[in-house]
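Novice: Here it is, the structure in full.
The values are calculated or read from the model by the stated rules, or taken from the named source; none is laboratory data. Everything numeric here is computed off the predicted structure, so don't read it as measured data. Here the Cβ positions follow ideal geometry from the backbone for every residue, glycine too, while neighbour counts run over all protein chains shown. Just so you know, the surface numbers come from the protein's heavy atoms only, side chains and all, with ligands and any DNA or RNA stripped out. Shrake-Rupley method; radii C 1.70, N 1.55, O 1.52, S 1.80 Å.
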Amino acid sequence: MMAAHPAFADWDGSVAHARAMQSELAQRVVLRDGFPKTLRTIAGFDVGFEEDGAVTRAAAVLLDAETLQPLQSEVARIETVMPYVPGLLSFRELPALLKALDRLGATPDLVFVDGHGIAHPRRLGIAAHFGVVTGLPSIGVAKKILVGAATTVPHQMRGAYVALRHKGEQIGWLLRSKPNCNPLIVSPGQHVAMASAADLTMRFVTRYRLPEPTRLADRLASRRDEDRG
């Protein structure tokens, strides 16, 4: 099933080949800002599951970048294409995310994906894979560290952040988006510089821990009563 999807046309279905593809696709990640100077629209993406995991449910929310008012919300459902394999989340979730993206009436200037960008063992988390395939500037916003460590913790002050490193390389930030809450793991996915990722994420944080794009997408992906598509 997965091999038939255009995003995985060359995949033979094995874990070893998927990991090799990740390493190759990671070479296509561009860690330079490639989004418009004045952002007009942003979008958030997240994935949930229905029917005991048999159905993958991807949510996309398009927002006005200035007011943060939602402009459009979509849900796409597909048959789950593979079981969960650590480190290969994008191979499970990307087909549904791309379907949700296709349903949006406008192309967002910047995308936030619930998950990791390059803060991944092979530097290709779901946000980076999404960005490489679509060409859209993307940032990964995750709740837990997948790989790497920081030498210290961010200050409790809202907006404080410290570098997340793995094997001597910076792969993201630990961002204190809300005082007295665990930091977010923020990493660039595609066409976003490392230096820009944390500040861009904080730009769209309101009173909640999560930035509005992924907060709204998370609600839609995980709660059936939020389904509008």
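Novice: Order the peptides 31-41, 141-151 from the highest to the lowest mean number of other Cβ atoms within 10 Å of their residues.
Specialist: Numbers: 31-41: 14.3, 141-151: 16.9.
Going by the mean number of other Cβ atoms within 10 Å, highest first, we get 141-151, 31-41.
Novice: OK, next. Within the chain, what whole-number % of the accessible surface is contributed by carbon and sulfur, with the 1.4 Å probe and all protein chains included in the calculation?
Specialist: On the way: 5130 of 10200 Å².
Result for the chain: 50 percent of the exposed heavy-atom area is carbon or sulfur.
Novice: With a Förster radius of 35 Å, plug the Cβ-Cβ distance of SER222 and LEU71 into 1/(1 + (r/R0)^6) and report the FRET value to the nearest 0.05.
Specialist: Details: r = 21 Å, r/R0 = 0.60.
Approximately 0.95, to the nearest 0.05.
Novice: Take peptides 120-132, 50-62, 71-83 and line them up by average Cβ neighbours within 10 Å, highest first, as a rough protection proxy.
Specialist: Numbers: 120-132: 26.8, 50-62: 19.2, 71-83: 17.5.
Put in order of decreasing packing, that is 120-132, 50-62, 71-83.
Novice: With all pairs of different alpha carbon atoms counted, what Kirkwood hydrodynamic radius in Å does the chain show?
Specialist: Details: mean 1/r = 0.0576 Å⁻¹.
Radius from the Kirkwood sum: 17.4 Å.
Novice: Moving on. How much accessible area per residue does the chain have, counting only protein heavy atoms and a probe of 1.4 Å, in square angstrom? Walk me through the numbers before you get to the answer.
Specialist: Values: 10200 Å² over 229 residues.
In whole numbers, the chain has 45 Å² accessible per residue.
Novice: Among 177-189, 193-205, what's the highest-first ranking by average C-beta atoms within 10 angstrom per residue?
Specialist: Values: 177-189: 22.0, 193-205: 19.4.
Put in order of decreasing packing, that is 177-189, 193-205.
Novice: Per residue, what volume in Å³ does the convex hull of the Cα atoms of region 129-198 enclose?
Specialist: Working: hull volume 5.9 nm³, N = 70.
Expressed per residue, the convex hull around the Cα atoms of region 129-198 is 85 Å³.
Novice: Sticking with this structure for a sec: Taking region 8-88 as the region of interest, what is the percent of Cα-Cα pairs per 5 angstrom bin, listed from the shortest bin to the one with the maximum distance?
Specialist: 3, 11, 14, 14, 18, 18, 14, 8, 1
Novice: Which of the three applies to region 86-212, rounded, prolate or oblate, going by the alpha-carbon gyration tensor with a ≥ b ≥ c and a/c under 1.5 meaning rounded?
Specialist: Numbers: a/c = 1.96, a/b = 1.35, b/c = 1.45.
Judged from the Cα gyration tensor, region 86-212 comes out oblate (a/c at least 1.5, b/c at or above a/b).
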